[in-house]
Amino acid sequence: MTLVGKPVIRETGALYRRRPLVVTIQPRHLELREKGRRDTLSLDYLTIYEMAMKIRWRKQQVEKRKRP
């Protein structure tokens, strides 16, 4: 696997308000913005990972409650 050494910018297939989202992969964080806009959201990778783990845990808890 290749380490991120310099920013990599990609347009995604996800739309927000009918605009594609653009992601910039930085060595220490991820940046999101709407295509054609300058306003950028920055998220560090640890925060993204922790949020994903919490979401998965909550889904597992809901599934457990549904089981008889």
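Nothing in this text is a laboratory measurement; each read-out follows from the coordinates by a stated rule. Values in this document were obtained by computation on a predicted structure and should not be read as measured data. A quick note on method: Cβ atoms are made from the backbone with ideal geometry, for glycine too, and the neighbour counts reach across all protein chains shown.
Based on every Cα atom in the range 8-66, Rg and the maximum pairwise Cα distance Dmax equal 14.8, 44 Å. Only Lys, Arg, Asp and Glu carry charge here, each on its Cβ (+1 for the first two, -1 for the last two); on that basis the chain has a dipole of about 460 debye about its Cα centre. By how many degrees, 0 to 90 and rounded to 10, does the Cα axis of helix 45-66 deviate from the longest principal axis of the chain? Orientation of helix 45-66: about 30 degrees from the principal axis.
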